[in-house]
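These notes are about the structure you will find just below.
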Amino acid sequence: MTVTLAHELTGPGPGAPTVVLLGSLGSDRSMWDPQVRTLSDRFNVLAVDLRGHGASPTPPGPYTVAELGGDVLALLDALALPAAHVVGLSLGGAVAQWLATHSSRRVQTLTLLCTSARFGEPTGWLDRAAAVRSEGTESIAEAVVDRWYTGELAARDPELVASSRAMVAATSDEGYAACCEALSGWDGRADLARIAAPTLVIAGRQDPATTPADLRSIAEGIANATLHVLDPGAHLASVEQAGRVTALIAAHVAGPAQRSAAYETGMQVRRAVLGDAHVDRSIAGTTEFTAPFQDFITRTAWGDVWSRTGLDHHTRRLLTLAILTAVGNEHELDMHIRAALRDDVTPEELVEVFLHTAIYAGVPNSNRAFALGKNALAEHAGSTGTAPGAATAGAPAEIEEQSGP
């Protein structure tokens, strides 16, 4: 059964992407304060207390990583968030991996910090759980925080160390122990290859708990993952390298957002140039195999090149017709001729384009272009009730004869 997680949601509100922050064993959501302050200017930031931590409920243990992930999914449902950009550190990183594997449609991007696909042998975690239940989290607070920061940072900022120890000591004994048991049973190594979300992996060079080698294994197991190793940085690299971590997360989250904006722009331009009917047919015919190409062409050709302000759409249409004629791409040429006639290109302009291309790219290709133009004009005239224009009457006689009916 899931529990209702304590959380804080800040940011610009509806329309902005949501970033979910899942923290380390023994922490509460305040560990993310440096990220929340900056990221919430651009994104909705959901900082979460995992069960047994902070202000979240502490049901009796043991827990599993799957149960911790189920709590997060229930929170997303309660907040009407169909998907989010998920960031997890240490224990939160295990939960984030579980979410990306078992509920992939809910994870737009994945950021994993100072975590592992398997946290050592189970006996160590079970021993720690027993010690905490016996002596309390205060008994381990100093040892835990010694691994959170490098010695240099700890020496410079004793107040940070003291507040961090207080945070660990304030964690529920049962919650901490039950989460240790969750980590004892966690092994996500076999599932790394199933993670499809764009993934950023961040390690701390001096992290003794989850070493750079641990994070490298994760990055190598997830297709196209990117690894950054921060130096200096121990287990809470998000605090020690707060500015760098925040910038990496922001850039990673913004990437898909920018892709989405390019796609939306591209789709608008694509419809304007080719017409709704053609685009609707293309979308209806999209399969899982062809979907990546549809996305690529919409973002790059239509969302980028056709959206540039250096040439207007009319000029780009004429250039496209000339190039397609020159390379002999009949299918694309026929489609663009028909789209051009439906918009703002005249039959007279078609004649000039095809004649010009004949000089520089060869008569046979232009001959075929005139034939395609003739057919398109006849169909266009039939649909609009007008007589065929100059592209039929103005074509040279010998080309008309070769073009056929």
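The values are calculated or read from the model by the stated rules, or taken from the named source; none is laboratory data. Just so it is clear, the model here is predicted, and its values are computed rather than measured. A quick note on method: Cβ atoms are made from the backbone with ideal geometry, for glycine too, and the neighbour counts reach across all protein chains shown. Remember, those area values only see protein heavy atoms, side chains included, never the ligands or the DNA or RNA. Shrake-Rupley method; radii C 1.70, N 1.55, O 1.52, S 1.80 Å.
Could you do me a favour and compute the accessible area per residue for region 271-324, 1.4 Å probe, result in Å²? Please list the in-between numbers first.
Details: 3230 Å² over 54 residues.
Averaged over the residues of region 271-324, the accessible area is 60 Å².
Within the accessible area of region 104-227, what % is carbon and sulfur when the probe is 1.4 Å and the other protein chains stay in place? Show your work: numbers first, answer last.
Details: 2700 of 5720 Å².
The C+S portion of the solvent-accessible surface of region 104-227 is 47 percent.
Expressed in nm to one decimal, what extension gain is obtained for the pair A254 and F296 from 0.36 nm per residue of sequence separation less their Cα-Cα distance?
Values: separation 42, 0.36 × 42 = 15.12 nm, distance 1.77 nm.
Contour length minus the Cα-Cα distance gives 13.4 nm.
Net charge near A131, counting Lys/Arg +1 and Asp/Glu -1 over other residues with Cβ under 12 Å of its Cβ? Mind dumping the intermediate values first?
Working: positive: R128, R133; negative: D127, E135, E138, D173.
Result for the neighbourhood of A131: -2.
Mind checking the angle between helix 65-78 and the chain's longest principal axis? C-alpha axes, 0 to 90 degrees, to the nearest 10.
That helix lies at roughly 60 degrees to the long axis.
Carbon and sulfur: what percent of region 296-363's accessible surface (1.4 Å probe)?
Working: 2100 of 3600 Å².
C and S fraction of accessible area: 58 percent.
Given only helices, namely DSSP H runs of n ≥ 4 each adding -39500 (n - 2.57), what is the per-residue ellipticity at 222 nm of the chain, to the nearest 500 deg cm²/dmol? Each step should come with its number before you reach the end.
Numbers: 19 runs with 223 residues, N = 405.
-17000 deg cm²/dmol, from helical runs alone.
Specify the angular offset, from 0 to 90 degrees and rounded to the nearest 10, of the alpha carbon long axis of helix 363-384 from the longest principal axis of the alpha carbons in the chain.
Approximately 90 degrees, to the nearest 10.
Could you work out what % of the accessible surface of region 1-95 is carbon and sulfur, using a 1.4 angstrom probe and leaving DNA, RNA and ligands out of the count?
Details: 1910 of 3370 Å².
The computed percentage sits at 57.
What are the semi-axes of the equivalent ellipsoid for the chain, taken as the square roots of 5 times the Cα gyration tensor eigenvalues, largest first, in whole Å? Don't jump to the answer; show the numbers that get you there.
Values: eigenvalues 756, 73, 62 Å².
Whole-Å semi-axes of the equivalent ellipsoid: 61, 19, 18.
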